[in-house]
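Please read the structure below before turning to the comments.
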Amino acid sequence: MSKRKSDSSTGRHRRRLPALATAGPVSVWMILFVTLPMLFIIYISFMSRGVFGDVVYTFSLNSYHTLLDSTYFKVISKSLEAALLTTVLCLALGYPFAYYIARKPPETASKLIMLIMIPFWTNSLMRLNSWLLLFQTSGPVNAFLQWTGITDHPVTFIYTDALVILGLITNMLPFAVLPLYSSIEKLENSLLEASSDLGATPGQTFLRVTLPLTFPGIFSAIILVFIPSLGIYTVSDILGGGKVLYIGNIIRNQFGSIRNWPLGAALSVLLLVITGLLIFIYTRFAKIEDMEVV
Amino acid sequence: MSESIVSLIDVEKRFGSNLVVRKMSLEIQRGEFLTLLGPSGCGKTTTLRMIAGFEDATSGIIKVQGEQVEDKEPYQRDVNTVFQNYSLFPHMTVYDNVAYGLTIKKVPKEEIRRRVTEMLALVQLAGYDKRKPDALSGGQKQRVAIARALINNPKVLLLDEPLGALDLKLRKQMQIELKRLQKKLGITFVYVTHDQEEALTMSDRIAVMNAGILEQVGTPMEIYQYPKTRFVAGFIGESNLFDGTVKAVEGNLIQVETSAGLLTTCGQGFQPGEEMHVSIRPEHLEISREPAEGFALPGKIKDFTYMGTMVKTALDMADGSELKFSRFEHDSRLREGDPVYVFWRPEKSVPIKKSAT
C-alpha cells in the first residue's frame, strides 16, 4: 500500500517538474494528430457539399439544419440508449468479475486478466464475424438451443439490437474490468474486516465501504466504456447488418458511401458536444484526481 | 471469584501445514487488561483474530460470555477490534468513522450525535469530527480507532499492537491513557504486543506466547519474578540463564552443575541428575574476588556500559558465555579484565523445570 502511494506521488512530481521537456513531444503529437484534425472537422461542418460529393468551401449552416430532422434525433437517442445499456451491463458484469480477480493471489489474478485480454487482442472484425457465424440461424447456438429443446424453431439473433448490444459488451468489457480491478485491488482487506467488526453485514460493508472506495474505478470504467460505445460503428455494422443504425454508422456513411462530408462533420461535432457535456456533468460529481486511467 | 468473559479451550489454528496456535487454553476475566505477549510469529495476533472472528479456529472452543462463537461471523460477535494500522475508513470523516457501528445498528440520529460527541471528548478529540483520517496524525488516528471501537460498548475490546506505529514518546503517553481509559470504562481489554515493557506497564495479567504455545499466564510481577519456562525468563526483562544438571539437593537449596561452573539456587521438586535451567536477573547478580560458598563461577570483567540510571557490566565466563550484571552505582575498584567470582543469594534466582519439548 505504502509503495503504491509513493509511486503515485513520484508520478505527480514527474508531471510538475520538467514539464516542458516531457510535455513537448506529446503536445506536438497531440496538436498535429488530434487538435488540428478536430479543428478541420469543425471547419468542414460549416461548409457546403458540392454536387459530386466534394466539399465546397463556402460557409453554410445547412448541415446543422439537417440535424434538426427528427430522424437524427431518433438515431442519437437510440445510440445513447445503447451506449448506456452497454455501460450498465459492462459494470454489472465487470464489477463482480474484477472483484473476484482482485481477491485472488497476484499470480492467479494476472492469469485471469489475460483471459479478459486475449479476446481483446484478436482482430475485432474476425471476432465480430465469428459471432455472426455462432449466432446465425443454422449456427451452433441455435443448434444447441434446439437440441436442448428450449426452442423448436431457430431464433433470429443476427441483425438484432440485442446481438449488437451483446457485441458491444464483449468489445467493451476489458475497459470496465481493468480500471475496476485496479481500484478494487487497492482496497485494504482490513477495512472490510473493520466494517464487519463494527457490526456490518457483508451487504452493508459493500454499500458503505467497498462501493464508495472503488468509485474512482467505477468512474473510469463508465467513461472508458460509454464514450467508445457511443461512437463505435463496426459492431453495429457487422452484427446489425446495416439494419441497426447508430450515430457512428451514420457518420461513417456520410464520409463514405453518401459522401456528404459537411453533414458527417456536423454529426461528429454533435457527438463531440454530447460526450463533452457528459464528461462535464460527470466531473461535477467526481473529482478529477479520483479518475485514474482517464 | 471473578467470572471469565472469554474462554479459549484447546484452540488450535493451522495455516496449511503450519500450526500457528497449539492447544491454547486461556480464561480472560471480566474487566481485566490482559496482554498477549510474544515475539512476532508466535501466534498472538492469530489468537486475537480468532476471538474477533476474522480467522476460524481449526479446532477447539471459543466462548464469549459463556456463549460459543466459533460459527459466528465477526459482525455477530460482541467484541470490537482496534487494528494495528488503524483501518479508519478513508472516505468518511472522523465523526462518521466513530458513528459507524451505531449507524449500522440504526441507533437514532440524536443519540448517535450525543454518543459520538461524548466519545470524541473521552479520547480528547473534541472538535475533530469533520476531519478526514488523512488530515490526522498517527496518534490522533489511533484515538479515532479506539473511539470507533469503544462506542459500541463491546464486551471485550481487542487491540492488535495499536501503538506499534507511534514514536516512543507518544507510545508511552498512549500506554498510560489506554490504561486509564480501561480502568474508567471497566471494559475487558485483550491487548497484543511484542513489547515486554509495554506489557509489564499496562497489563493486569500477561499471557506469554512462543511458537504457538502459551508459555505462562500471570500478573506482570509473577511473570517477571517467577518465570516458569526458560523462554519466559529470557523474554521478559534482562536475565542470565544457565542450563545445567542438578548435582545435589539440600532442603530448598539446589546445587546445579553448568558449563560455566557450579551454582546454587533455591526451589522444590527437583531431583539430583535432573536437567534444569536457572535464571538470575542482572540486578541480583553479585561479584567478589573470592569464590562464595556453593558457587564456582569464575569470570572476567569484559566491559562497562553507562546507562544513566544504571551501569551495566558484561562478564566473560569460563565457558565463553556472557553474564550481565547491573548496579545503580559504578564500583570504582573494578577494572576491565579483572578476574571475579559470580554468586547470588540463592532465593533471588529462579529454578526452571526443563520443558518436555
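Here is how the numbers come out for the structure above:
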| read-out | value |
| --- | --- |
| Lone qualifier among B:48, B:37, B:26, B:19 - being in the same structural domain as residue B:190 (by TED's automatic domain parsing) and either in contact with a Gly (Cβ under 9 Å, 6 or more places away or on another chain) or loosely packed, with under 15 Cβ neighbours inside 10 Å (or both) | B:19 |
| Which listed residue, of B:145, B:149, B:233, is within 14 Å of the chain's Cα centre (by Cα), of a type in the set (Gly, Ala, Ser) and either under 22 Å from residue B:40 (Cα atoms) or crowded, with 21+ Cβ neighbours inside 10 Å (or both) | B:233 |
| Filter result for residue B:209 (surrounded by 16 or more Cβ atoms within 10 Å (Cβ to Cβ), of a type in the set (A, V, I, L, M, F, W, C) and under 30 Å from residue B:140 (Cβ atoms)) | no |
| Residue in the stretch B:64-83 that is nearest to the other protein chains (Cβ to nearest Cβ), counting only those that are touching a residue at least 60 places away in the same chain (Cβ under 8 Å) and of a type in the set (A, V, I, L, M, F, W, C) | B:83 |
| Residues of the stretch A:60-79 satisfying the condition of being touching a strand residue (DSSP E or B) at 6+ places or on another chain (Cβ under 8 Å) and not in a helix (DSSP H, G or I) | A:60 |
| Qualifying position, being away from chain B (no Cβ under 14 Å), surrounded by fewer than 16 Cβ atoms within 10 Å (Cβ to Cβ) and of a type in the set (A, V, I, L, M, F, W, C), among A:158, A:150 | A:150 |
| Hey, residue A:229 over 12 Å from the mean Cα position of the chain (by Cα), away from every other protein chain (no Cβ under 11 Å) and buried (at least 19 other Cβ atoms within 10 Å of the Cβ) or not | no |
| Single condition residue B:106 does not satisfy, out of (1) without any contact (Cβ under 8 Å) to a residue 60 or more places away in the chain; (2) outside any loop (DSSP other than H, G, I, E, B) | (2) |
| Check on residue A:232, modelled with pLDDT of 90 or more and under 26 Å from residue A:120 (Cβ atoms) | no |
| Some residue of the stretch B:94-101 being within 14 Å of another protein chain (Cβ to nearest Cβ) and among the β-branched types (Val, Ile, Thr) | yes |
| Some residue of the stretch B:46-60 being more than 30 Å from residue A:210 (Cβ to Cβ), outside any loop (DSSP other than H, G, I, E, B) and more than 22 Å from the chain's Cα centre (by Cα) | yes |
| Of residues in the stretch A:210-226 being within 22 Å of residue A:104 (Cβ to Cβ) and more than 14 Å from chain B (Cβ to nearest Cβ), the one surrounded by the most Cβ atoms within 10 Å (Cβ to Cβ) | A:221 |
| Positions within the stretch A:178-209 being in contact (Cβ under 8 Å) with a residue 60 or more places away in the chain and either within 8 Å of chain B (Cβ to nearest Cβ) or of a type in the set (Ser, Thr, Tyr) (or both), in sequence order | A:181, A:182, A:183, A:188 |
| Condition check for residue A:89: within 16 Å of the chain's Cα centre (by Cα) and at pLDDT 95 or above | yes |
| Subset tally (residues that are outside any helix (DSSP H, G or I) and among the hydrophobic types (A, V, I, L, M, F, W, C)) for the stretch B:123-148 | 4 |
| Pair list, Cβ under 6 Å, 6 or more apart: the stretch B:52-63 residue within 10 Å of another protein chain (Cβ to nearest Cβ), other residue basic (Lys, Arg) and assigned to a loop (DSSP other than H, G, I, E, B) | B:53/B:77 |
| Strands (runs of 3 or more DSSP E) within the stretch B:249-357 that include 3 or more residues small (Gly, Ala, Ser) | none |
| Options A:120, A:144, A:175: the member that is in a helix (DSSP H, G or I) and modelled with pLDDT under 85 | A:120 |
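The values are calculated or read from the model by the stated rules, or taken from the named source; none is laboratory data. Since the model is a prediction, treat every value here as computed from it, not as a measurement. A quick note on method: Cβ atoms are made from the backbone with ideal geometry, for glycine too, and the neighbour counts reach across all protein chains shown.
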